[in-house]
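The values are calculated or read from the model by the stated rules, or taken from the named source; none is laboratory data. Please read these numbers as outputs of a predicted model, since none were measured by experiment. Reconstructed Cβ throughout: ideal geometry from the backbone, glycine too, with neighbour counts over all protein chains shown. Note: areas computed on protein heavy atoms with side chains; ligands, DNA, RNA excluded. Shrake-Rupley method; radii C 1.70, N 1.55, O 1.52, S 1.80 Å.
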Amino acid sequence: MSRIRFIILLQKYQNGIATEAESIVVENWYALLEEEPRQLTEKQWSELEDRLWLKLEGNALGHSEEAKIIFLPFWQRTYFKMGLVGTIVLVLGFSIFYYQNILTKDKFQDGFELVINPTEGIKSVLLEDGSRVLLNPKSELRFPPHFALGKREVYLQGEAFFEITGNPNRPFLVNAGKITTKVLGTSFRVKAIPENAEIEVAVATGKVSVYEQEKDGDGSSNQHGNGVVLTPNHRVIYSEDNNLFVMKLVDNPMSIANSNEDFSFDDTPLSEVLNRLKKAYGIDIEVDNKSLYECPLTADISNKGLYAQLSLVCAAIRGNYEVKGTIILISGKGCDYRKN
């Protein structure tokens with residue numbers, strides 16, 4: 001192991017971002033100095049780093065002594081101690097190599113390629129068909145080295161964002177827990193944490209169908225149970241406990257139309273304002289009082305998120321909005337207040 005790699009690993013441990021395997025290695029290094037892991041000042045850390053490196057290099061003594069002829073048992077002799085330290089370093093080095101370059105790399109399991117992301121960042125996985133999967137930390141993705149002719153099928157545990165290459169003749173299937181998400185070409189997020197009884201699918205672009213898995217006689221998941229169809233800015237939460245799908249809007253809807261779309265209005269009827277917002281986000285926006293449609297709006301609500309835009313609209317008409325499932329409902333008394 002190089003000194004640079006040694007320092008980087010210690011710094012990761014000190015900052016609390018080391019993986020479980022790296023933490024075990026560093027704690028074993030501490031044991032060589034017979035010290036307990038603890039938070040250190042910058043000066044203490046620098047001193048410990050130097051002592052630990054010298055220990056691992058077999059040069060724990062920082063000073064020289066006058067040569068003496070002393071007969072020692074073999075287990076107390078320097079070459080034995082250095083050999084022991086060297087062996088420990090070698091074993092620990094192989095441990096790091098094993099955890100970082102075998103367990104965390106792609107490997108095959110039951111004929112599928114398995115990708116595990118044990119890091120704190122996003123791992124990008126490029127599939128055979130050009131589709132890309134952005135795998136979240138502590139997540140796993142299984143997929144065949146070569147997709148079948150009639151479909152592309154993967155298995156997810158954890159959370160990932162999928163950018164699927166379009167192919168009408170080969171639907172893309174993501175199996176997560178008890179549900180399957182089927183697409184032809186789109187981008188969406190699947191969240192299926194093993195210890196969580198709920199699975200979530202959210203769509204960014206395109207359209208997907210999400211359904212319960214009903215196994216064929218051969219154990220494959222070709223049959224469709226009950227399910228839902230999702231469009232952009234919509235999500236569904238599936239409860240494994242009661243087999244229910246609950247449709248909602250995503251937390252931060254993004255425009256699916258031209259990103260430079262003009263949302264500047266000058267005495268524009270609310271009906272036209274809402275129609276433009278519906279088209280931009282693909283979300284149903286309703287009013288509980290039809291007279292609201294006639295209210296004029298003069299405002300520039302460009303370069304803002306949907307909910308910020310709605311807040312400005314409601315402030316102008318003295319109304320309010322509420323998200324009800326997949327619909328946004330605007331309520332108010334209309335424009336009669338101008339006469340009072």
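Would you confirm whether or not region 262-281 contains a residue that is touching a residue at least 12 places away in the same chain (Cβ under 8 Å), under 26 Å from the mean Cα position of the chain (by Cα) and surrounded by fewer than 16 Cβ atoms within 10 Å (Cβ to Cβ)? Write out each step before concluding.
Kept after step one, since they are touching a residue at least 12 places away in the same chain (Cβ under 8 Å), are these residues of region 262-281: 262-271, 273-274, 276-277, 279-281.
Within this subset, residues satisfying the condition of being under 26 Å from the mean Cα position of the chain (by Cα) are 281.
Applying the additional criterion that residues be surrounded by fewer than 16 Cβ atoms within 10 Å (Cβ to Cβ) yields none.
Checked against the condition, which is being touching a residue at least 12 places away in the same chain (Cβ under 8 Å), under 26 Å from the mean Cα position of the chain (by Cα) and surrounded by fewer than 16 Cβ atoms within 10 Å (Cβ to Cβ), region 262-281 yields no hits at all.
When region 109-143 is examined, which residues are found to be more than 14 Å from residue 163 (Cβ to Cβ) and of a type in the set (Ser, Thr, Tyr)?
Scanning region 109-143 gives 119, 139.
Which members of region 304-330 meet the condition of being on the phi > 0 side of the Ramachandran plot and free of Cβ contacts under 8 Å to residues at least 40 places away in the same chain? Steps first, please.
Step one: list which residues in region 304-330 are on the phi > 0 side of the Ramachandran plot, which gives 318, 325.
Hit for region 304-330 is 318, nothing else.
Among the residues in region 284-292, are any among the small types (Gly, Ala, Ser) and closer than 16 Å to residue 255 by Cα?
So in region 284-292, the residues among the small types (Gly, Ala, Ser) come out as 291.
Now narrow it down to the ones that are closer than 16 Å to residue 255 by Cα: none.
For region 284-292, residues among the small types (Gly, Ala, Ser) and closer than 16 Å to residue 255 by Cα: absent.
Which pairs do you get when a residue that is among the hydroxyl-bearing types (Ser, Thr, Tyr), found in region 122-135, comes within reach of a residue that is assigned to a loop (DSSP other than H, G, I, E, B) and surrounded by fewer than 17 Cβ atoms within 10 Å (Cβ to Cβ), reach meaning Cβ atoms under 8 angstrom, with the pair 6+ apart or on two chains?
131/165
Could you list, in sequence order, the residues of region 132-179 that are closer than 17 Å to residue 114 by Cβ, in a loop (DSSP other than H, G, I, E, B) and not hydrophobic (A, V, I, L, M, F, W, C)?
136, 137, 138, 144, 145, 146
Hey, residue 271 hits all of (1) closer than 20 Å to residue 232 by Cβ; (2) in a helix (DSSP H, G or I); (3) polar (S, T, N, Q) but one; which does it fall short on?
Residue 271 satisfies every listed condition except (1).
This table checks each residue for (1) among the hydroxyl-bearing types (Ser, Thr, Tyr); (2) open to solvent by 70 Å² or more (accessible area, probe 1.4 Å); (3) under 20 Å from the mean Cα position of the chain (by Cα).
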| residue | (1), (2), (3) |
| --- | --- |
| 122 | no, yes, yes |
| 129 | no, no, no |
| 138 | no, yes, yes |
| 147 | no, no, no |
| 204 | no, no, yes |
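Which ones in region 154-184 are among the small types (Gly, Ala, Ser) and either crowded, with 18+ Cβ neighbours inside 10 Å or modelled with pLDDT of 95 or more (or both)? Walk me through it before giving the result.
Initial filter on region 154-184 (among the small types (Gly, Ala, Ser)): 158, 160, 166, 176-177.
Those that are among the small types (Gly, Ala, Ser) and either crowded, with 18+ Cβ neighbours inside 10 Å or modelled with pLDDT of 95 or more (or both): 158, 160, 176, 177.
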